[in-house]
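**Student:** After the structure tokens below, expect a handful of questions from me.
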Amino acid sequence: MRKTIMTVDDSESILAVVSTTLEEEYDVITVSGGKEALEQLEKGINIDLIITDLNMPLVDGIEVIKKARSISQYSLKPILMLTTESQAQKKLEAKEAGATGWIVKPFEPEKLKEVVKKVIR
Amino acid sequence: MAEKAHHKFMQEASELIDDLEQSVLELEKERGNAAHIEQIFRVMHTFKGTAKMFGFDKIGEFTHYLENIYDELRAEKITLSEGILEVTFQSVDHIRNLLHQPAELAHAIEQQHAQLLEKVIHLSGAATGIETSHKAKKHAAQLYYIHFAPAPHFIKTGNNPLFLLEDLLRHGEYHMHTRTENIPSVDQYQADTTYLAWDILLYTSSSASELEDEFMFVMDDCSLQITALGTQNLLQNGAFLHDLKKAGSFTEKTILSLQAARTSPETATPAKTHKAKSASGNHVIKVTYEKIDNLMGLVSELVTTQARLSLYTDQHKTSELEEIAENVEKLVRQLRDEAFSISLLPVSHLKMRFERLVRDTAKDLHKKVHFISEGDDTELDKKIIEALTDPLLHILRNSLGHGLELPAERLAKGKPEFGTLLLKSYTSGAHVVIEVHDDGAGIDPTRVKQKAIEKGLIEPHAELSEKEIYNLIFLPGFSTAQAITDVSGRGVGMDVVKKAVVDLRGDIQIESTLGKGTIMRLILPLSLSIIDGLLVQLDNHQYIIPLSSIEKCYEVAADSITPDMNGLIVLDAEQIPLIDLRKVFDLAPSEKERTNLIVSRFGNQKLAIQVDDIVDEYQAVIKPLGGMYKHQDFASGASILGNGRVALVLDVSRLGELVA
Amino acid sequence: MEDFKLLSNTDSYLTFSMNQELFAVSVKKVTELLEMLPVTVVPKAPAYMRGVINLRGSVVPVLDTRTKFSLPSVPDSIDTCIVVMTIENGEELVKIGAIVDSVSEVIEIPNEEIMPLPAISKKERAQFIHGVIKKEERFIMILDVDRVFSTEEVISLKATELENVG
């Protein structure tokens, strides 16, 4: 069965990269911001993996992670965060909030595929 | 890269540049406006993260430095200069050019890029130090020592260490050793438990953080050390490799010593340790003490205001108001505790300062000592830590000078040649206890008494308990050193130490066994400014007793209190000294039939304090009484009550001394 | 010109009365005047140390000036006032409140009108008194508040003893 990935980013281009990279093997739902992501989570849509940007205006990635972890349906699903190298502090916050791992931007599409494959058993 | 994504990026980038331009223009007009700086930072951050993925490496490289500059600006580590503004303006045009690459300008853009890049590197270097200036460059290949030890339950978490290793070793050239020493005998072997650990020497151009990334999903389930050992590729050195294989398991030390043996010293580069830890305490933001002080000041005012609200609520009982006041009280309490925890520092801050002193002092005195510590992570108010530095230095000097014997003397007594000096810290209720233990000669009570008599501090025939004798040491002008040594006999006596501790509303106790050693115990409040207290009443006078020193309260019939001739009463089959607060404070005896006993403890000492009434628990913001009341030290301060009146905060241990 | 001269040589003093006698302190020392406030007693302190008050969130010691000057005690009245002053106590500057019977007025005193204490007055008293002035046939003692309120001793100061000055 194909797995579903929700990817959250306020950058259209990142969403486009993630979806074009992964859509061959997975169903990818793109969400354009933290607020929208919270709405999707509240709806209880079926998701096997969340990939979220950390730095987003209004509702940031940490809140998305926390929200997901508070809903039993997603509490055990892997969550990957998209960060940049300079965000050590954020990375840690995200990890504490319950992120499974991270992908550092900019990334190679191949690297993204690899990491996703690892976490989405 | 798919056409769709590329198109999206171009579109987004154009918008971002327009945003950027707008923000820079506004920033020029309102230089103090943090929102504009934040917006520019955001744009740079987004470019840095995305540009490279769409083939715009130059934009990625370039914006990385600009991001640094604006990060420093928004953190207010640097101020906005004309130069930064100018470069940002030029950058806007340049990024636009890089994005669209008009063919006729190719050469000019190339030149412009080199020039601007130099400027931003310079500015960001000035802003963040040299460290960042090479951060964006590809790492030069380095040699890493990696120790990877999965936790026993590792496989149960669904991870396979071998896959991890495979990914890791893909980064470069390597030598690996598998540690098997933890594998148990067959009968104890469990198939789902991980017993192995690995030592790896890896030569790669990946950075330590990239290597660390390979372990990101298992960080909490393993112990991992990644240490950069310099740029020299020792794996190419046949002799070194031979030695290393012979050594079997190895550590970073093994490598360094083998390296020293097999290579010329000048090529050996100092190792920089990068320990990958799963602990979260490492990541911190810096806040100035001033900000913390301001926060504490506001919290204190809030606590006082909250007390007024509670009082008002009591007088105008409506259920809604009561509920609100109750919530406010709860929140204020939480806020207070949070604010406190910010101003706490671990005791390890102190220990670091002492290590050198102990080493040097011991050497000067020809003594041998192991200086160890326990409970380094015990936390204390920063102000207390600062105020404790000198007293503790003095105690340590004393222990080294008077306590610990010379090595020969120790050996003759059958003690180990090396003495032990232990700095032990722990939290006990609302107090922090710091102890200095030494396993030296101990304090001889007869000698202390003799000395006190010689100095005229006590009468020759005074009957003193052991504790009272030890306390003589804290009297001004007392020094037990037989000869004035450079170390202890500096005119600064233990009286100064005691005063410093008492000024912190703390206490100091001595425990000593002749021939075995001494413990100096400092009992300190967790915080200096706000305490939880119990409000008590005598006539119309109200006093606050710190809850931290209270063990139990009893309400009893007044005539049931019958102290013996030593002022002791029996409570729960225990003899406890009684302090009748009325008597101590020269008030007329009470007519009331009921009275309250508050059993307090300070260190090892118990006291029963008799008061008329117990009013309530009270969060007290402690204000100093000031120098005019320096002789009334049974009051450690005063606090303003909800009704605006002042109540004294009582210091139980000083009260005890008052009646002793 | 005249004004300027006045300014340079004249200081302002707050006068207050106790036991029908007048005292003055330099207004530079005075930070505010308060009506009588509830005072919290600090036990085991000398009698002239009346206690502490809440001065807008600070705890400030107040002294009973009558007791300090060995004058007979009287109950507080509606005129009773607390004069809050900043004094030098040893190395530090501290705020204290002095309870007085009533505050009179602020007067300007040219420096040259201040008379030294007569030689016959007791030496230990002299150190607390900056000088004496005569105004409308009454003597006013100018107190050296730094000294008066930082010492722990009780002082005997009776202006009437100075009648034969000047």
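Read the figures in this text as sums done on the coordinates, not as results from a lab. For clarity, every value in this text was computed on a predicted model and none was experimentally measured. Virtual Cβ from ideal backbone geometry, glycine too; neighbours counted across all protein chains shown.
**Student:** To the nearest 20 debye, what is the magnitude of the charge dipole of the protein assembly as shown about its Cα centre, counting +1 on the Cβ of each Lys and Arg and -1 on the Cβ of each Asp and Glu?
**Tutor:** The dipole magnitude comes to about 2720 debye.
**Student:** Of the options C:PHE16, C:PRO116, C:LEU71, report the single residue whose Cα projects farthest towards the positive end of the charge dipole of the stretch C:2-160 (beta-carbon charges: Lys, Arg +1; Asp, Glu -1).
**Tutor:** Comparing the listed Cα positions along the dipole, C:LEU71 ranks first.
**Student:** Same structure again: Which order do the peptides C:66-73, B:416-423 come out in when sorted by mean C-beta neighbours inside 10 angstrom, highest first?
**Tutor:** Output ranking for C:66-73, B:416-423: B:416-423, C:66-73.
**Student:** Looking at this model, which pairs from A:LYS66/B:LYS424; B:LYS330/B:LYS623; B:LYS382/B:LYS451; B:LYS606/B:LYS630 are more than 28 angstrom apart at the alpha-carbon?
**Tutor:** Flagged as over cut-off: A:LYS66/B:LYS424; B:LYS382/B:LYS451.
**Student:** Considering every residue in C:56-65, what mean count of other chain Cβ atoms within 10 Å of its Cβ is obtained?
**Tutor:** 4
**Student:** Would you be so kind as to identify which of B:TYR554, B:ASN33, B:ILE384 lies farthest towards the positive end of the dipole of chain B, taking Lys and Arg as +1 and Asp and Glu as -1 on Cβ and the Cα centre as origin?
**Tutor:** Final value for the positive-end residue is B:ILE384.
**Student:** Now for a different question. On average, how many beta carbons from a partner chain sit within 10 Å of the beta carbon of a residue in B:52-61?
**Tutor:** Counting Cβ atoms of other protein chains within 10 Å of each residue's Cβ and averaging gives 2.
**Student:** Further question on the same structure: GluC sites (Glu not before Pro), restricted to the stretch C:66-121: which are DSSP loop and have at most 15 other Cβ atoms within 10 Å?
**Tutor:** Passing sites in the stretch C:66-121 are C:GLU91.
**Student:** Also: How shielded is A:96-106 by partner chains, expressed as the average number of their Cβ atoms within 10 Å of its Cβ atoms?
**Tutor:** Per residue, the average neighbour count from other chains is 4.
**Student:** Classify the stretch B:346-525 as rounded, prolate or oblate, taking a ≥ b ≥ c as the square roots of the eigenvalues of its Cα gyration tensor: rounded when a/c is under 1.5, otherwise prolate if a/b is larger than b/c and oblate if not.
**Tutor:** oblate
**Student:** Could you please tell me the mean projected area of the C-alpha convex hull for the protein assembly as shown, averaged over all directions and given in square nanometres to one decimal?
**Tutor:** About 60.8 nm², averaged over all directions.
**Student:** With a 10 Å radius around each residue's Cβ, average the other Cβ atoms per peptide and rank B:199-205, B:58-64, B:28-34, B:236-242, highest first.
**Tutor:** B:58-64, B:199-205, B:236-242, B:28-34
**Student:** Turning to a different aspect of this structure: Rounded to the nearest 500 deg cm²/dmol, what is the calculated helix-only ellipticity per residue at 222 nm for chain B, with -39500 (n - 2.57) per DSSP H run of length n ≥ 4?
**Tutor:** So the calculated ellipticity at 222 nm is -13000 deg cm²/dmol.
**Student:** Return the sequence-ordered ³J(HN,Hα) values of the stretch B:293-298 in whole Hz as given by the Karplus equation 6.51 cos²θ - 1.76 cosθ + 1.60 applied to θ = phi - 60°, using x for Gly and Pro.
**Tutor:** In residue order, the calculated couplings are 4, 4, 4, 5, x, 5 Hz.
**Student:** Beta carbons within 10 angstrom, averaged per residue: use that to sort the peptides B:433-441, B:108-116, highest first.
**Tutor:** The densest-packed peptide leads the list: B:433-441, B:108-116.
**Student:** As I understand it, the dipole of the protein assembly as shown uses +1 on the Cβ of Lys and Arg and -1 on the Cβ of Asp and Glu, about the Cα centre. Which of B:ALA247, B:SER425, B:VAL218 lies farthest toward its positive end?
**Tutor:** Looking along the dipole axis, the top candidate is B:ALA247.
**Student:** Also, I was wondering about something else. Which whole-angstrom value gives the distance between the alpha carbon centres of the stretch C:20-71 and the stretch B:160-178?
**Tutor:** If you average the Cα positions of each part, the centres end up 79 Å apart.
**Student:** Dipole size in debye (nearest 20) for chain A around its Cα centre, Lys and Arg Cβ +1, Asp and Glu Cβ -1?
**Tutor:** 540 debye
**Student:** Which far-off residues, 5 or more places away or on another chain, put their amide H under 5 Å from the one on B:GLY637, with H placed in the peptide plane?
**Tutor:** Distant-sequence amide H within range of B:GLY637: B:VAL649.
**Student:** Roughly speaking, what % of Cα-Cα pairs in the stretch B:142-274 are separated by over 24 Å, rounded to a whole number?
**Tutor:** 31 percent
**Student:** Roughly how far apart, in whole Å, are the Cα centres of the stretch B:365-391 and the stretch A:1-78?
**Tutor:** The stretch B:365-391 and the stretch A:1-78 have Cα centres spaced 49 Å from each other.
**Student:** Further question on the same structure: Under a point-charge model restricted to the Cβ atoms of Lys and Arg (+1) and Asp and Glu (-1), what is the dipole moment magnitude of the stretch B:142-274 relative to its Cα centre, in debye to the nearest 20?
**Tutor:** 480 debye
**Student:** In the structure displayed, which of B:LYS383/B:LYS467; A:LYS111/B:LYS245; B:LYS29/B:LYS77; A:LYS91/B:LYS58; A:LYS111/B:LYS286 lie more than 23 Å apart, Cα to Cα?
**Tutor:** Cα-Cα > 23 Å for B:LYS383/B:LYS467; A:LYS111/B:LYS245; A:LYS91/B:LYS58; A:LYS111/B:LYS286; rest within.
**Student:** Loop-only check: which trypsin sites (Lys or Arg not before Pro) in the stretch B:523-617 are DSSP coil with at most 14 other Cβ within 10 angstrom?
**Tutor:** Listed in order of number, the matching sites are B:LYS592.
**Student:** A follow-up question, please. Under 5 Å between amide hydrogens, which residues at least 5 positions from C:GLY131 or on another chain qualify, with H placed 1.01 Å from N in the peptide plane?
**Tutor:** Correct list: C:ILE142.
**Student:** Calculate one ³J(HN,Hα) per residue across the stretch B:99-106 by plugging θ = phi - 60° into the Karplus curve 6.51 cos²θ - 1.76 cosθ + 1.60, and present them in order as whole Hz with x for glycine and proline.
**Tutor:** Here the 3J(HN,Hα) series is 5, 9, 6, x, 4, 5, 9, 2 Hz.
**Student:** For B:LEU534, list long-range residues whose amide hydrogen, built 1.01 Å from N in the peptide plane, is under 5 Å from its own amide hydrogen.
**Tutor:** Sorted by chain and number, the residues that satisfy this are B:ILE545, B:LEU547, B:TYR618.
**Student:** Could you give the Stokes-Einstein D for the stretch B:289-343 in µm² per second, using the C-alpha Kirkwood radius, 20 °C, 1.002 mPa s?
**Tutor:** The calculation lands on 180 µm²/s.
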